[in-house]
1. Hey, could you pull the Cα Rg and Dmax for the stretch 25-245, both in Å?
2. For the stretch 203-252 and the stretch 36-50, what is the centre-to-centre distance using only Cα atoms, to the nearest Å?
3. Taking the number of other C-beta atoms within 10 Å as the exposure measure, put 29, 233, 228 in order starting with the fewest.
4. Please give the direction-averaged projected area of the C-alpha convex hull for the stretch 146-200, in square nanometres with one decimal.
5. Ranking 178, 193 by Cβ neighbours within 10 Å, fewest first, what do you get?
6. Remind me, relative contact order of the stretch 25-245 in percent, using alpha carbon pairs under 8 angstrom and six or more residues apart?
7. In what order do 226, 145 fall by count of nearby beta-carbon atoms within 10 Å, going from fewest to most?
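Laboratory data are not the source of any read-out in this text; all were calculated from the coordinates shown. Remember, predicted model here, so these are calculated numbers, not experimental data. Because the Cβ atoms are built from the backbone with ideal geometry, glycine has one as well, and the counts that use them run over all protein chains shown.
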Ligand SMILES: C[S@@+](CC[C@H](N)C(=O)[O-])C[C@H]1O[C@@H](n2cnc3c(N)ncnc32)[C@H](O)[C@@H]1O
């Protein structure tokens, strides 16, 4: 793995243990994004993480040579967590906005954009924020995974704004659950003159808490398509997509 000489060890930026009741404990999806970020290091430009959550992906980018670090999250608590993690890296200029997707970033271009969007199709008859339990059982904020009725609400708005924020030879890396239509995502990218490639696919178990959030009948309908069941357990795949402008210079 090639890192720049500016790299600090990850132990420098990670606290010894996560806080109790950690809403922002990174998921398997985040881990896959981290892998791609580390595999492709060093980074040299201006990088953005949309939905920075815990801040771990931005921290990894900061220690991998990125020139400027920008984060956006809609949750004030996530913004505080990300800023705290990045403050341990005084030599890397960083800014973390609290806002809705591209709204705080008018006119800004990036060399790398990463996003692990909320993409769970959720039922909306459960009243106020109920949250879903994360990998270690901590309660998630609903915004962590709520992708609306089809899971696509946040992703579609992200894609709509992406071309205006990717520098000409820039790259975006996003996670994409198999229960959202990949064909629809590729279609939306294509009409915006973007091209995408699946660079990684991972199979993960779906937690009981996530299964409880699903719309009625969704699991039965999807069981023949994007999720599969073995005994009492349910699994799904997710991909990491690499996205570029269609006119970008091909990678050698
Ligand atoms: C699946 S989590 C990924 C978090 C992050 N990658 C990590 O591992 O800590 C999705 C993140 O997107 C944020 N989010 C949800 N809707 C958003 C929106 N409209 N604009 C900005 N951030 C949003 C959530 O608060 C959450 O932090």
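1. Rg, Dmax (Cα atoms, Å): 16.9, 51.
2. 24 Å
3. Working: 29 20, 233 10, 228 15.
With the fewest neighbours first, 29, 233, 228 line up as 233, 228, 29.
4. Details: hull surface 16.0 nm².
For the Cα atoms of the stretch 146-200, the hull's average projected area reads 4.0 nm².
5. Values: 178 18, 193 11.
With the fewest neighbours first, 178, 193 line up as 193, 178.
6. Working: 443 pairs, mean separation 42.1, N = 221.
Relative contact order for the stretch 25-245 comes out at 19 percent.
7. Numbers: 226 16, 145 24.
Least to most surrounded, the residues fall as 226, 145.
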